[in-house]
Structure formats: C-alpha cells, structure tokens
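A short worksheet on the structure shown next.
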Amino acid sequence: MDTLLEIEDLQTAYGSSQVLFGVGFSMRSGAVATLLGRNGMGKTTTVRSITGLTSPRGGVIRFLGERIDGMRPDRIARMGMAVVPEGRMIFSSLSVQENLLAFAGNRCHSKAPWTLDRVYDLFPRLKERARNMGNQLSGGEQQMLAIGRALMTNPHLLILDEATEGLAPLIREDIWQCLSTLKAAGQSILVIDKYVQRLVALADHHTILERGRVAWHGDSAALAAQPEVWHRYVGV
Ligand SMILES: Nc1ncnc2c1ncn2[C@@H]1O[C@H](COP(=O)(O)OP(=O)(O)OP(=O)(O)O)[C@@H](O)[C@H]1O
C-alpha cells in the first residue's frame, strides 16, 4: 500500500504559545488510523495543521507525496482531504439533500464514486429526512449528514474530529458501524476520538499525543495488549 499522509517534526503554535513539539506519524492508503489523547493535548491542532487551517511553524506534511504544509485549506481539500469537524458545521438553512449536493465532486477520481444514492444506502435515515432542513435534525442525524457530505467529495482521506462527541451510545455505534463499512470499501480514515476500546477493533494504527508530543504509537494489537497505556495517556 502507498503512503497517503506523512508528518515529520510538526511544530505548531497559536501566537507565542507553542502547542505541537515535533509530532510525526504516517498513514498508508486504505488504512484507518487514530489520534488519541486527553483534552488539550494537541489533536485538533494536528488536524488544523494537516488541513491548512493553522500553518505549522516547522516540520513537513506530505499528502499523496506532495508537500502541503503552508498550503491553503481549499487547495488541500481539493487534493482530496475531507474533514468532519468537531461541531459538524452543517448548513442549517439547507435541506439534507442540498447539504449533500453542496460539495459533491470526485476528487479522488474514483471509478465507483460516492453519489446521493450510495450515501442514502449507507445512512437510510438521511433518505427519510432528505427534505428536512439541517436545523431539524437530531445530533446523530447531523453527524451522519456531516459524514455523508464529506464522502460526497470522494476524498482520498476522510478525517473525523470527535465525530461521536455528545451522541447517545446507540447512535455512536451506528457511526462506528458506518466507519467499518467505509474501511471495508477501502476508504482511508483518520479518526480523533476517545473510545479506545472501540477504536482498537476498528483502526489499524494509533498515535497518542501528550502535551503536543507523540507519547506512543503502534498497531491495534500492541495497544490492546497495553491497557496501562490507555489509562496513562487517554484516561480511560
Ligand atoms: N485558537 C487557539 N488559540 C490559542 N490556544 C489554543 C487555540 N486552540 C487550542 N489552543 C490550545 O492548544 C492546546 C491544544 O488544543 P487542541 O484543541 O489541539 O487539543 P485537543 O487534544 O484537540 O483537545 P480537545 O479534545 O479538548 O479539543 C490546548 O492547550 C488549547 O488550549
């Protein structure tokens, strides 16, 4: 499998406050990777650095073999990176269907691209709600819509930042199931979340951040075998 994302020695700051101190990890195409760590450890800042929302002060980020550190967020998105951000950010005054169509495209030139019908197959609930406005949806439905909308861009890499935050356990399980389906279909996914036990079953590779540095990285078998690592760095 090809390397999809490579991060080396990432240094990111907000003004004079440095948050990332040499973060590095890489992801292969088709893999599901996680970024784990307690609140405030730098996960969202890492995502903001990768997606171009916050320019890193130092380090290298390569996506599809091309350097993207310092590149504008819209250009990075057009290369085939889609983020489901914390807070979902769906358009409340557009219908479900309009939200899904707003960013439709085939950025990874897939032979079997995501379409409205395929998204509705993945999330039948969205089909039932197709004509409802974004602000009429439950939290779980909004999350499904945010994921569906990201898929409609046919991204090489899908990034979910705290996608299950605030969701009821059953709805959260729906989201995990959806990610399993996407993984089986070969979608590369970077997941930021705190449900280590569930992520060990879903993902291939994990990077744990502690105060802006990589505290641990390894595969699911290694993480499953070291629950003390979860307790120490993720607090579960
Ligand atoms: N816009 C900002 N300006 C200044 N400091 C910030 C900003 N955003 C985040 N920080 C600080 O950077 C550090 C890392 O935050 P970040 O959001 O990356 O952590 P996180 O691991 O994603 O945590 P959470 O799960 O709480 O979002 C924290 O100390 C936070 O207070």
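Mind checking which pairs have a first residue in segment 193-214 that is basic (Lys, Arg) and a second that is assigned to a helix (DSSP H, G or I), Cβ under 7 Å, 6 or more apart or different chains? The qualifying pairs are Arg198/Trp176. When the helices (runs of 4 or more DSSP H) confined to segment 129-236 are screened for residues that are open to solvent by 30 Å² or more (accessible area, probe 1.4 Å) and under 29 Å from Arg78 (Cα atoms), those reaching at least 1 such residues are found at 139-151, 169-184. Thr34 meets the stated requirement of being crowded, with 22+ Cβ neighbours inside 10 Å, among the hydroxyl-bearing types (Ser, Thr, Tyr) and part of a strand (DSSP E or B).
Can you pull out every residue in segment 175-207 that is away from the ligand (no atom under 16 Å from the Cβ) and either aromatic (Phe, Trp, Tyr) or at positive phi (or both)? Trp176, Gly186 - these are the residues of segment 175-207 that are away from the ligand (no atom under 16 Å from the Cβ) and either aromatic (Phe, Trp, Tyr) or at positive phi (or both).
From the residues in segment 15-31 that are without any contact (Cβ under 8 Å) to a residue 24 or more places away in the chain and part of a strand (DSSP E or B), which one is nearest to Gly212 (Cα to Cα)? Before the answer, list the steps.
First, pick out the residues of segment 15-31 that are without any contact (Cβ under 8 Å) to a residue 24 or more places away in the chain: 15-17, 26.
Imposing the further condition that a residue be part of a strand (DSSP E or B) reduces the set to 17, 26.
Working: Ser17: 11, Ser26: 16 Å.
Checking each candidate, the answer is Ser17.
Condition test on Asn106, is it open to solvent by 30 Å² or more (accessible area, probe 1.4 Å), at pLDDT below 90 and not in a loop (DSSP other than H, G, I, E, B)? Outline the logic, then answer.
On the way: open to solvent by 30 Å² or more (accessible area, probe 1.4 Å): yes; at pLDDT below 90: yes; not in a loop (DSSP other than H, G, I, E, B): no.
Taking the combined requirement at face value, the residue does not satisfy it.
For segment 109-128, give me the residue count where each residue is farther than 23 Å from Gly30 by Cβ and either assigned to a strand (DSSP E or B) or open to solvent by less than 50 Å² (accessible area, probe 1.4 Å) (or both). Lay out the reasoning, then the answer.
Of segment 109-128, the ones farther than 23 Å from Gly30 by Cβ are 116-117, 120, 124-128.
Okay, now just the ones that are also either assigned to a strand (DSSP E or B) or open to solvent by less than 50 Å² (accessible area, probe 1.4 Å) (or both), so 116, 120, 126.
Counting residues in segment 109-128 that are farther than 23 Å from Gly30 by Cβ and either assigned to a strand (DSSP E or B) or open to solvent by less than 50 Å² (accessible area, probe 1.4 Å) (or both) gives 3.
Is there a residue being within 15 Å of the chain's Cα centre (by Cα), more than 16 Å from the ligand (Cβ to nearest atom), part of a strand (DSSP E or B) and not aromatic (Phe, Trp, Tyr) anywhere in segment 59-81? Scanning segment 59-81 turns up at least one residue that is within 15 Å of the chain's Cα centre (by Cα), more than 16 Å from the ligand (Cβ to nearest atom), part of a strand (DSSP E or B) and not aromatic (Phe, Trp, Tyr).
Filter segment 38-49 for residues that are surrounded by fewer than 24 Cβ atoms within 10 Å (Cβ to Cβ), in contact (Cβ under 8 Å) with a residue 24 or more places away in the chain and out of contact with any Gly (no Cβ under 8 Å at 6 or more places or on another chain) and give the result. Thr44, Val47, Arg48 - these are the residues of segment 38-49 that are surrounded by fewer than 24 Cβ atoms within 10 Å (Cβ to Cβ), in contact (Cβ under 8 Å) with a residue 24 or more places away in the chain and out of contact with any Gly (no Cβ under 8 Å at 6 or more places or on another chain).
The values are calculated or read from the model by the stated rules, or taken from the named source; none is laboratory data. Because the structure is predicted, anything quoted here is derived from the model rather than measured. All Cβ positions, even for glycine, are placed from backbone atoms using ideal geometry, and neighbour counts span all protein chains on display. Accessible surface areas use protein heavy atoms only, side chains included; no ligands, DNA or RNA. Shrake-Rupley method; radii C 1.70, N 1.55, O 1.52, S 1.80 Å.
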